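Below is one structure, written out as structure tokens; the observations come after it.
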Amino acid sequence: MGNKLPEPQGQQREVVYLRGKGHCVALGVAGSGKTVMAVRRARYLATVPGLGGPTLLITFNGALVTYLKSLVDEESGVTVEQYHVFARRVLREFFEKNPRICDAATRENLIAHALKDVRLSASERSAAFRKPVQFFADEFDWLDGNGIDDFSDYLSGELERVGRGSNLLKADRLVVSKVYRRYQELLAKKGFDLDWSGLASELLRTLNSEVAAHGYRHVVVDEGQDFTPEMIRSLAALIPEDGSLTFFGDYAQQIYGSRMSWKSLGLKVTGGRLVRFDRNYRNTRQIAQLAKAISDYPRFGDGIELVKPTAPVRTGEPPVLDEAKSESDLIRMAARYATHLCFDRNTQTKDQRVAVLSRDDALTERIARLVDRQRTIRLHKGMTKWDQSPGVYYGPYREARGLEFDTVVLPLRAEDELPPEATIDAFGLEEAKVRQARELYVAVTRARIDVILIHHGRLASVLPVAESGIYELMSS
């Protein structure tokens, strides 16, 4: 049985019980209850008399899928899936297509090979040749995510590349297009039909050209800010004329750098079907103040629509800022906070769900080894069961999206002062910092009661300084 969910309140009810036909967009700040609304919306659409029918509840994050499944009854008529798993299954089960998809490591090697080939044969000079493979992989994701297969607008510069770092000159775009085409040739030579980035376009082409009874009347998208336009277009093509697509998202939590607005998704949203939620029910006023300071970083909201949050009513303790003397000290302190202070603070009981989050999987794994293994749960895309019990959850920022915990512990190494060097090389320092700010914003807003930041070295410049008055300063 699915877990009991809180009843929707006020404006939430309007979206949950909106007539089940057409497109609806619900934009909400962190902590506004979007995931709860998405589950309740899916349950309603699956069972409402007259308009009800098989409903797909879909998201991008693997750990979130596991959590959503714990909230939905198996007999409810709601299918919960991660987008790429869903897309591949639909192609296979309903259209008898089983494309050979290139894995991430092979893709990176093929892009490097393609870049080398184009560089050796090039007559023109271009700064793009000095870009790392990550830049080309991310640019290809953007091209595929927008469904761009005709490079004329891309080469002319008419397509705005919001969230892609510094502008590319025409000569640089020409190099990108040549590397892309060469990569596609190498992909085919290796026996692959496409990569994961191209799966949405393949599904969309198939849905537009072939007819099959795939069985879904309604689609509900949770954490929609992580979906590319092609993904949403494919889901819109999935539903029948009397069906619906409901999109829940928060573009402040879009951490992959594309910064695509919902307006680029091709959804047909008419009066009353665009709703904004500005109330944060999860965070305390003090945690929200830290999140607001992070989101004030320049260009954080560049080119997208952010909902301005109202200050939460609930108050609590200021976020803790503590300093470690070394990286090994950082690891010990994070483990100690997770097992003791985080459990005891405020409630004076040991019944909290604590998340230890970092951009580095290896770091959180080292911290988890110092915690009682019976009380640790790793956040990862391959999770098969969601454990709601108290304990220490650990993993990368990206796997915490859509989830909430009582306390969040953020261990920040000396090298975390700046974004990863590869990201800086690919997109420039300022764009890399915006991406870093978005990751930290997601991490901070997962917390209901406490946020504890432990740093070794200088604080990241996207965070407020120690003297800002936002933190409770500790001296370990």
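The values are calculated or read from the model by the stated rules, or taken from the named source; none is laboratory data. Note that the structure is predicted; figures quoted are calculated from it, not measured. Don't worry about glycine lacking a Cβ; one is built from the backbone with ideal geometry, like all the others, and counts go over all protein chains shown. Side chains are part of the model used for accessible areas, which takes the heavy atoms of the whole protein and leaves out ligands, DNA and RNA. Shrake-Rupley method; radii C 1.70, N 1.55, O 1.52, S 1.80 Å.
Order these peptides, 373-379, 334-340, by their mean beta-carbon neighbour count within 10 angstrom, highest first. Don't skip to the answer; put the middle values down first.
Working: 373-379: 16.3, 334-340: 21.6.
The peptides rank, most packed first, as 334-340, 373-379.
Under 8 Å for C-alpha pairs, at least 6 residues apart: give me the relative contact order for the chain, rounded to a whole percent. Don't skip to the end; give the middle numbers.
On the way: 909 pairs, mean separation 99.4, N = 476.
About 21 percent, as a whole number.
So what is the accessible area of the range 202-301 per residue, in Å², with the probe set to 1.4 Å? Working shown, then result.
Details: 3720 Å² over 100 residues.
So the range 202-301 comes to 37 Å² accessible per residue, rounded to a whole number.
Taking 0.36 nm per intervening residue step and subtracting the Cα-Cα distance, what contour gain separates residue 104 from residue 9 on full extension?
Working: separation 95, 0.36 × 95 = 34.20 nm, distance 4.25 nm.
Gain on stretching residue 104 to residue 9: 29.9 nm.
If you take the beta carbon distance between residue 278 and residue 385 as r and set R0 to 35 Å, what does 1/(1 + (r/R0)^6) give as a FRET efficiency, to the nearest 0.05?
0.55
If we sort 29-36, 216-223, 87-94 on the protection proxy, mean other Cβ atoms within 10 Å, highest first, what's the order?
Details: 29-36: 23.8, 216-223: 25.4, 87-94: 17.1.
In decreasing order of mean packing, 29-36, 216-223, 87-94 become 216-223, 29-36, 87-94.
Per 10 Å bin, what is the whole-percent P(r) computed from every C-alpha pair distance within the range 322-476?
Bins of 10 Å from zero give 11, 42, 36, 10, 1 percent of pairs.
Is the shape of the range 1-156 best called rounded, prolate or oblate, per the rule: a/c under 1.5 gives rounded, else a/b larger than b/c gives prolate, else oblate, with a ≥ b ≥ c the square roots of the Cα gyration tensor eigenvalues? Each step should come with its number before you reach the end.
Working: a/c = 2.68, a/b = 2.23, b/c = 1.20.
It comes out prolate by the Cα gyration axes.
By its C-alpha gyration tensor, with a ≥ b ≥ c as the square roots of the eigenvalues, how is the chain shaped: rounded for a/c under 1.5, else prolate for a/b larger than b/c, else oblate? All intermediate terms of the calculation are to be shown ahead of the outcome.
Details: a/c = 1.70, a/b = 1.14, b/c = 1.50.
Oblate.
Work out the FRET efficiency for residue 167 and residue 467 from their Cβ-Cβ distance, taking R0 = 30 Å, and round it to the nearest 0.05. Walk me through the numbers before you get to the answer.
Working: r = 36 Å, r/R0 = 1.20.
The pair residue 167/residue 467 has a calculated efficiency of 0.25.
Report, to the nearest whole %, how much of the accessible area of the chain belongs to carbon and sulfur atoms, 1.4 Å probe, protein only.
Details: 10070 of 20330 Å².
Ligands and nucleic acids excluded, carbon and sulfur give 50 percent.
Strictly over 23 Å apart at the Cα level, which of 170/263; 21/263; 97/268; 292/381 would you flag in this model? If you can, show how the numbers build up before the last one.
Working: 170/263 26 Å; 21/263 19 Å; 97/268 29 Å; 292/381 28 Å.
Violating the 23 Å Cα-Cα cut-off are 170/263; 97/268; 292/381.
Provide the gained length on full extension for the span residue 205 to residue 306, in nm with one decimal, where the gain is 0.36 nm per separating residue minus the Cα-Cα distance.
On the way: separation 101, 0.36 × 101 = 36.36 nm, distance 3.14 nm.
Full-extension gain reported as 33.2 nm.
Accessible area per residue of the range 420-459 at 1.4 Å probe, in Å²? List each step's numbers first, then the result.
On the way: 1160 Å² over 40 residues.
Dividing the accessible area of the range 420-459 by its residue count gives 29 Å².
As an exercise, use a Förster radius of 35 Å and the Cβ-Cβ distance of residue 360 and residue 193 to find the FRET efficiency, rounded to the nearest 0.05.
After rounding, the FRET efficiency stands at 0.55.
Order 407-420, 48-61, 459-472, 435-448 from most to least packed using the mean count of other Cβ atoms within 10 Å. Let's see the in-between values first.
Numbers: 407-420: 21.2, 48-61: 19.7, 459-472: 16.2, 435-448: 24.6.
Ranked by mean Cβ neighbours within 10 Å, highest first: 435-448, 407-420, 48-61, 459-472.
Placing one identical point scatterer on every Cα of the range 49-88 and ignoring solvent, what is log10 I(q)/I(0) from the Debye formula at q = 0.23, 0.24, 0.29 Å⁻¹?
Summing over Cα pairs of the range 49-88 leads to -0.75, -0.79, -1.00.
Can you report the principal axis dimensions of the range 124-217 using only the alpha carbons, biggest first, rounded to whole angstrom?
Here the Cα extents, ordered largest to smallest, are 51, 31, 21 Å.
Hey, rough spin-label estimate for residue 292 and residue 314, points 7 angstrom out along Cα→Cβ, what's it come to in nanometres?
1.8 nm
How much length is gained on full extension from residue 113 to residue 85, taking 0.36 nm per residue of separation minus their Cα-Cα distance?
Working: separation 28, 0.36 × 28 = 10.08 nm, distance 2.82 nm.
Stretched out fully, the residue 113 to residue 85 stretch lengthens by 7.3 nm.
Given axes a ≥ b ≥ c from the Cα gyration tensor, I'd like to know whether the range 95-168 is rounded (a/c under 1.5), prolate (a/b larger than b/c) or oblate.
Working: a/c = 1.85, a/b = 1.22, b/c = 1.52.
It comes out oblate by the Cα gyration axes.
Aspartates and glutamates within cross-link reach of residue 69: Cα-Cα under 16 Å, excluding same-chain residues under 8 positions apart?
Straight-line reach from residue 69, under 16 Å: 81, 222, 223, 387, 399, 404.
Per Stokes-Einstein, at 25 °C and 0.890 mPa s, what whole-number D in µm² s⁻¹ belongs to the range 105-145, with the Kirkwood radius over Cα pairs as the hydrodynamic radius? Please report the intermediate quantities before stating the final value.
Details: Rh = 10.8 Å.
Calculated translational D: 227 µm²/s.
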